[in-house]
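Reading through the structure tokens given below for one structure.
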Amino acid sequence: MARLVLVPTPIGNLGDLTARAAEVLKNAETVAAEDTRRSRQLLNHLGLDRPLVRLDAHTIPARAPALLREAGTLAFITDAGTPGISDPGAELVRLALELGLEIEALPGPTAFVPALILSGLDASRFTFEGFLPRKGRHRRERLQGIAASPATSIMYESPKRLPATLSDLGQSCGGERPAAVSREISKRFEETVRGSLKELTEQFTGTEVRGECVITVAGTDEPQDAAAAAGARLGDLAVLLADAGLEGRQLREALLLAGASRNAAYELSLTRGT
């Protein structure tokens with residue numbers, strides 16, 4: 001049976017690879033990678049001529065059980081960063097646990113930790129959201145959760161969707177909520193831009209953004225009981241307005257005038273205006 005080692009790889013600067021990670025890759029009987037072409041570049045940089053087995057989110061269920069039953073060390077690497085953090089890895093760990101195998105996760109590079117520190121926001125308590133759902137109810141619920149959370153929230157986003165996500169966060173959290181956008185972490189053109197969600201939305205809208213981005217949003221200063229009370233008041237108001245005959249767009253506009261966020265007004269108009 002195999003010994004599984006999750007090996008973090010650099011998210012930018014190849015000098016971020018630890019000596020311990022290089023040693024594991026050198027001595028492992030099998031190296032599995034999310035993308036063998038990208039991982040080959042890393043092995044070439046280390047001077048390692050090792051065979052690679054492709055093991056990504058689509059092939060883990062079919063290929064991993066056989067690999068985990070082979071004797072020796074199985075080193076698993078993803079395109080960049082720590083396996084299992086918005087990358088394949090969690091399913092591989094689950095399969096290894098079911099087989100009762102020894103598992104080791106090496107410490108190493110991940111984008112959200114330096115982004116949190118560079119944001120200047122409170123780092124004593126935070127939540128990592130990964131990539132938000134792209135649309136629908138699940139996205140709205142996650143945005144509402146971020147808006148109500150007293151902890152700093154961190155999420156990944158692609159450069160093309162960055163302006164839209166910043167705009168949605170501004171609608172849910174309020175445009176004045178402090179935030180930061182970090183991109184190209186540990187690379188030559190690394191950048192962190194800080195400001196309110198409104199300012200960041202304006203800055204990145206209509207501009208070409210390159211590199212994967214990390215958004216960090218401050219937690220709310222509003223006590224949770226006060227936030228819940230405010231939500232209850234809006235719910236009560238929605239019921240009164242619906243009883244008075246308002247529905248659909250009219251109900252949404254009335255709730256917006258009463259101070260509801262766009263997402264809250266939309267949700268309440270669906271649930272109360274029917």
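Every number here is computed from the coordinates shown, using simple stated rules; none is lab data. Keep in mind the model is a prediction, meaning the values are calculated, not measured. Backbone-built Cβ (ideal geometry, glycine too); neighbour counts: all protein chains shown.
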Query raised in the report: In straight Cα distance, which lysines are under 24 Å from LYS187, not counting same-chain residues fewer than 8 positions off?
Result: LYS160
Requested in this report: Under a cut-off of 12 Å between alpha-carbon atoms, report the aspartates and glutamates in cross-link reach of LYS26, not counting same-chain residues fewer than 8 places apart.
Outcome: ASP49
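What percent does the relative contact order of the chain come to when contacts are Cα pairs within less than 8 Å and at least six residues apart? Provide the component values of the computation, followed by the final result.
Values: 478 pairs, mean separation 47.5, N = 274.
Taking the mean separation of contacting Cα pairs over the length of the chain, I get 17 percent.
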Query raised in the report: For the pair ARG125 and THR36, what calculated FRET efficiency results from E = 1/(1 + (r/R0)^6), where r is the Cβ-Cβ distance and R0 = 45 Å, to the nearest 0.05?
Result: 0.70
Query raised in the report: How many nm separate the modelled label positions at ARG69 and ARG137, each set 7 Å beyond the Cα in the direction of the Cβ?
Result: 4.1
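Taking the Cα centre as origin and putting +1 on Lys and Arg beta-carbons and -1 on Asp and Glu beta-carbons, what dipole magnitude results for region 139-218, to the nearest 20 debye? Walk me through the intermediate numbers first.
Values: 12 positive and 11 negative charges, 34 e Å.
Result for region 139-218 is approximately 160 debye, rounded to the nearest 20.
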Query raised in the report: With each label point set 7 Å from Cα along the Cα-Cβ vector, what nm distance links ALA90 and ILE103?
Result: 1.2
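With both bridge residues required to lie in the chain, what share of the DSSP beta bridges run antiparallel, to the nearest 5%? Walk me through the numbers before you get to the answer.
Numbers: 17 of 36 bridges.
Here the share of antiparallel DSSP bridges comes out near 45 percent.
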Query - Order of MET1, MET155 - criterion: other Cβ atoms within 10 Å of each residue's Cβ, fewest first - result: MET1, MET155
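Divide by every residue of the chain the summed helix terms, -39500 (n - 2.57) for each DSSP H run of at least 4, and state the resulting mean residue ellipticity at 222 nm, rounded to the nearest 500 deg cm²/dmol. Before the final figure, lay out each step's value.
Numbers: 11 runs with 119 residues, N = 274.
One gets -13000 deg cm²/dmol as the mean residue ellipticity at 222 nm.
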Requested in this report: Before anything else, pin down the relative contact order of region 78-187: Cα pairs under 8 Å, at least 6 apart, normalised by residue count, whole percent.
Outcome: 26
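Could you list LYS198, LYS187 so that the one with the fewest beta carbons within 10 Å of its beta carbon is first and the one with the most is last?
Numbers: LYS198 16, LYS187 13.
Listing LYS198, LYS187 from fewest to most nearby Cβ atoms yields LYS187, LYS198.
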Report task. For GLU247 paired with LEU52, estimate the spin-label separation in nm (one decimal), with each label point 7 Å from Cα along the Cα-to-Cβ line. Result -> 5.8
**Report entry** Modelled label reach - SER186, point 7 Å along Cα→Cβ, region 75-106 residues with backbone N closer than 17 Å
**Finding:** 76-88, 105-106
